[in-house]
Amino acid sequence: MRAHVGDHLIVESPTTGATRRNGEIVGVHHNDGTPPYDVRWSDSGRVSLVFPGPDAHIHHTGHPAGTAAGAGARPLSDVEVAALVRDASAAPSMHNAQPWRFRYFRGERLFHVTADLARTLPHSDADLRALHLGCGAALMNLRVAAAHTGRQPTTRLLPDPGDPTLLATVALTSPLGDEDDLCGLYPAIHARHTSRSPFADTEIPESVRTTLREAAGAEGVSLSFASGWHLQTVLDLTLEAEARNLTDQGSAADLTHWTQLPDQTPRSATEGVPPYAFGPRRHGGKAPVRDFAGGRPVPGRETADFESSPQLALLATPGDNPNDWLRAGQAMERVLLTATLEELSSSFITQALEWPDLRWPLRDPVAGAGHVHMVLRLGYGPPGPRTPRRPTRHTLDIQP
Ligand SMILES: Cc1cc2nc3c(=O)[nH]c(=O)nc-3n(C[C@H](O)[C@H](O)[C@H](O)COP(=O)(O)O)c2cc1C
């Protein structure tokens, strides 16, 4: 069996021959088109990895999804709109607060991406920078997912000066044009997870670092790997921030609100950081992974030695306003998706970014000016676990 992205997988009843399920192949894992495939099922809109059995065959559509003739012209069904929002919502957000909402205008084929101000972190993110980063990441996923369906995502940031909660609009009216380089990132959207486990000390090759820098550069954002005394400075500032966070009532309140220990009454199964994603407690090594337990005991949690020379990359822009934050968020997700395809694991080291006096000295001394928006920890290690997301009935509304 061989297939291209865009073909359909048809599963038939072995007794009657009637079609039981039909799904679009949205990812092919082998260059020669043999299984397994990522299939988006038409009945649920969900994507799953499928090893087709004898009751399945391929319906060839004759063109890959990215170039699907007329795809840009065909209206999206509500199931397809919800599938795009599920892809967007797989994005990372601080404490998994998922501070986004989506509105789709069927007639105009236009998404509004808005900030959900009920999901802010008042102490750790008072200026809403982290909120914009998370929403920027969701916007990047939406662009990738739209491009993957063969539609050009024409994006405008902050289109209404009178409404700062309207973060972006994405029009899907044209066939795919100059965003076609985004299609290849699609398989990484649901494979990327934050990994708070130890990584190997294996160095990331220079060619891969260059690919990651280019991914950030494509969004107008610089990515630099910290080394030497700059790396030491970033580690020291992060430890200082960790120490402050432990005794700062506001940070502790944000953390407690969005995390849940096993002995607590569940507050919601669709948001926040669950204990299984905390990773082990750091015993040795230098990677300053945030301890989501905040010093509280978690029964059965292991300790581990982390890498002795963490590989940290900083995202920065010359400016520091909501437009920069949204660009940085898109760049962050583009880097993370690219890293996932390069078989790298990733996590975030943002403690020092939450204290204005610690944020400024984080910047790259060689590049000079620039505002740091994110510190990423990258390396070879176990992938992180999937964490929950809010269902689209809570995040999406569709207008005529
Ligand atoms: C702006 C921002 C800041 C974050 N800060 C941290 C951090 O300091 N430490 C950490 O382990 N994860 C951090 N995260 C990752 C989130 O906790 C994670 O994205 C969320 O729990 C969802 O999990 P997932 O990334 O595995 O999908 C941050 C994410 C964003 C977007």
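The values are calculated or read from the model by the stated rules, or taken from the named source; none is laboratory data. The model shown is predicted, which means the values in this text are computed figures rather than measured ones. Note that we place each Cβ from the backbone using ideal geometry, even for glycine, and neighbour counts take in every protein chain shown. Ligands, DNA and RNA are stripped out before the accessible areas are found, and what is left, the full protein with its side chains, is counted by its heavy atoms. Shrake-Rupley method; radii C 1.70, N 1.55, O 1.52, S 1.80 Å.
Quick notes on this structure:
- Of all the numbered requirements in (1) at pLDDT 95 or above; (2) under 18 Å from Leu235 (Cα atoms), Arg363 misses one, and that requirement is (1).
- Criterion: in contact with a helix residue (DSSP H, G or I) (Cβ under 8 Å, 6 or more places away or on another chain) and open to solvent by less than 80 Å² (accessible area, probe 1.4 Å) - qualifying residue of Ala277, Ala252: Ala252
- Candidates Arg209, Arg244 - the one that is more than 21 Å from Asp125 (Cβ to Cβ) and either loosely packed, with under 15 Cβ neighbours inside 10 Å or out of contact with any Pro (no Cβ under 9 Å at 6 or more places or on another chain) (or both): Arg209
- Any hit, the range 87-103, residues being under 18 Å from Asn321 (Cα atoms), away from the ligand (no atom under 13 Å from the Cβ) and open to solvent by 50 Å² or more (accessible area, probe 1.4 Å): no
- Selection count where residues are in contact with a Gly (Cβ under 8 Å, 6 or more places away or on another chain) and not acidic (Asp, Glu), scope the range 168-200: 16
- Looking across Arg282, Arg296, one residue alone is touching a residue at least 24 places away in the same chain (Cβ under 8 Å), among the charged types (D, E, K, R), in the same structural domain as Ser347 (by TED's automatic domain parsing) and within 13 Å of the ligand (Cβ to nearest atom). It is Arg282.
- Criterion violated by Arg386 - all others in (1) over 12 Å from the mean Cα position of the chain (by Cα); (2) at pLDDT 95 or above; (3) surrounded by fewer than 18 Cβ atoms within 10 Å (Cβ to Cβ) satisfied: (1)
- Scanning the range 333-363 for residues being outside any helix (DSSP H, G or I) and over 18 Å from Arg290 (Cβ atoms) gives a total of 4.
- Taking the listed residues Leu396, Leu362, Leu358, the one that is more than 16 Å from the ligand (Cβ to nearest atom) and either buried (at least 21 other Cβ atoms within 10 Å of the Cβ) or touching a residue at least 60 places away in the same chain (Cβ under 8 Å) (or both) is Leu396, with no other qualifying.
- For Ser197: the one exception among (1) within 16 Å of the ligand (Cβ to nearest atom); (2) under 19 Å from Val335 (Cα atoms); (3) not aliphatic (A, V, I, L, M): (2)
- When the range 116-143 is limited to residues that are among the aliphatic types (A, V, I, L, M) and away from the ligand (no atom under 15 Å from the Cβ), the one that is surrounded by the fewest Cβ atoms within 10 Å (Cβ to Cβ) turns out to be Ala118.
- Residue satisfying all of: in the range 369-393; near the ligand (Cβ under 9 Å from one of its atoms) and in a strand (DSSP E or B); farthest from Ala316 (Cα to Cα) among these: Arg377
- In the range 299-321, residue surrounded by the fewest Cβ atoms within 10 Å (Cβ to Cβ) [restricted to those that are more than 16 Å from the ligand (Cβ to nearest atom) and among the charged types (D, E, K, R)]: Glu302
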